[in-house]
Structures are given as structure tokens and as C-alpha cells.
Amino acid sequence: MKEYIITKTDLEWQNWQLKTENERLKAENSRLNSENVWARKNVDVVIDVNNKLKTEIESLKKQLNGENVPLAIYPNVFTKSKAWKADTSHDDDRMTYDEAAAYLEMELDA
């Protein structure tokens, strides 16, 4: 069997190859880290938008089920005004369409 002798030149060549590979891996790691930061920011934006949409959907579901929701997010309201006949109750309460229909029916029957 032939014996292989490692020379100083061989070691220098291996050392250069390892340094080159190490630099390439550092550059790749840096690139992947910057992509990771970019991806995290985008994921945060998607999560924020998703949470806002979930809140809006829950509010709309409550509205469809006739539950009490804050007036600021309850667009389907009817406002009684002082423009009604003098003998009606003149409170400026906000009410749902169903309540408004019942109110009008009551006023028309009177």
C-alpha cells in the first residue's frame, strides 16, 4: 500500500478551501437572516390584518344575531327626530331597523 504524505502545501490548500467555504456560509447565513427579518415583518402585518378582520366579523355576526353592539360599529340605526308629529315621544334614541319599524307601526296605528 502506498503511503500518502501530507505536505505543507496540501495543508495550506485545505486551509484556503475551508476559509473560502466558511466565508460563503457566512454570506449565505447573513442573506437568510435578512430574509427571515423581512418574512417576520410580513407575518406580523398579516396577523394584525387578520385580527382586525376577525373583530369585524364577530361584530357583524353579533349584529346579525340582534345582540347589542356599540353604536359606533352599528351602522343600521334609525334616529327618531323632532320632525314627527307633536304627540309622539321626542327622544333622540338610536334604534335598530326592527325597532324603528315597530315604532312607525305604533305611530301609524295611533
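Derivation of every value follows stated rules applied to the coordinates shown; laboratory data play no part. These figures come from a predicted structure and were not determined experimentally. Positions of Cβ are backbone-derived with ideal geometry, glycine not excepted, and every protein chain shown enters the neighbour counts.
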Next on the checklist: At 7 Å along Cα-to-Cβ for each site, give me the label-to-label distance between Leu53 and Glu105 in nm.
Outcome noted: 3.9 nm
Next on the checklist: Tell me whether the range 7-68 comes out rounded, prolate or oblate; compute the Cα gyration tensor, take square roots of the eigenvalues as a ≥ b ≥ c, and use a/c under 1.5 as the rounded threshold.
Outcome noted: prolate
Item to check | Lysine pair number, Cα distance threshold 27 Å (strictly under), the range 7-68, separation 8 or more or different chains | outcome: 8
